[in-house]
1. Among the numbered criteria (1) assigned to a helix (DSSP H, G or I); (2) surrounded by 12 or more Cβ atoms within 10 Å (Cβ to Cβ), which one does residue 27 miss?
2. Answer yes or no as to whether residue 142 is at pLDDT 85 or above, surrounded by 21 or more Cβ atoms within 10 Å (Cβ to Cβ), over 21 Å from residue 17 (Cβ atoms) and within 16 Å of the chain's Cα centre (by Cα).
3. Can you confirm whether the stretch 35-45 contains a residue that is part of a helix (DSSP H, G or I), loosely packed, with under 11 Cβ neighbours inside 10 Å and either out of contact with any strand residue (DSSP E or B) (no Cβ under 7 Å at 6 or more places or on another chain) or in contact (Cβ under 8 Å) with a residue 60 or more places away in the chain (or both)?
4. Among the residues of the stretch 83-101, is there at least one that is within 21 Å of the chain's Cα centre (by Cα) and under 23 Å from residue 16 (Cβ atoms)?
5. Modelled with pLDDT under 95 and either over 20 Å from the mean Cα position of the chain (by Cα) or closer than 28 Å to residue 165 by Cα (or both), is that true of residue 22?
6. Within the stretch 47-74, how many residues are farther than 23 Å from residue 132 by Cα and buried (at least 18 other Cβ atoms within 10 Å of the Cβ)?
7. Out of everything in the stretch 94-114 that is in contact (Cβ under 8 Å) with a residue 24 or more places away in the chain and over 19 Å from residue 153 (Cα atoms), what residue ends up being surrounded by the fewest Cβ atoms within 10 Å (Cβ to Cβ)?
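The values are calculated or read from the model by the stated rules, or taken from the named source; none is laboratory data. Model, not experiment: these values are computed from the prediction. Glycine also receives a Cβ, built like all others from the backbone with ideal geometry; neighbour counts cover every protein chain displayed.
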């Protein structure tokens, strides 16, 4: 088995894992957004129409927004929707483009490993803290950091393997990922 075939199989396996998990993330993002909008709408109604503010609404809406950020980050990366340096990557081709993408994906993975490590540490240390308006451990708020960072890292790993295949044989690299300016414009 050649190196490109092995990388292709590994990339396909990771892509399959990402497909499955990101479907769950997509539906979770929808549920989080709907709940955040409902909480804010109810809070506004209660404050300005009923003249009786809810004490918990702002805090819960912030918690939901934090979760939403870490849930949609891997979805955006996979769709190529994050801000990128399209001019530089768009002007490169072949192996030089793939080498730059490797550097980018390695940087993303390195950052996500740091966020997973520090986010896990923060979540574990916050387990004894409680939210001020409801009886909820802050662990449940902070745990979204390592979860979201792990998924961003796996999406980046999928794209990294594709870029490595592209360095070995540029005809084997499939388009996609944050470095593909054509995908972001579709």
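1. All conditions pass for residue 27, except number (2).
2. yes
3. Looking through the stretch 35-45, none of the residues is part of a helix (DSSP H, G or I), loosely packed, with under 11 Cβ neighbours inside 10 Å and either out of contact with any strand residue (DSSP E or B) (no Cβ under 7 Å at 6 or more places or on another chain) or in contact (Cβ under 8 Å) with a residue 60 or more places away in the chain (or both).
4. yes
5. Judged against the criteria, residue 22 is not a match.
6. Of the residues in that region, 4 qualify.
7. The residue in question is 94.
Matching residues to (1) over 18 Å from the mean Cα position of the chain (by Cα); (2) closer than 16 Å to residue 9 by Cα; (3) in a helix (DSSP H, G or I):
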residue	(1), (2), (3)
121	yes, no, yes
126	yes, no, yes
149	no, no, yes
153	no, no, yes
163	yes, yes, yes
166	yes, yes, yes
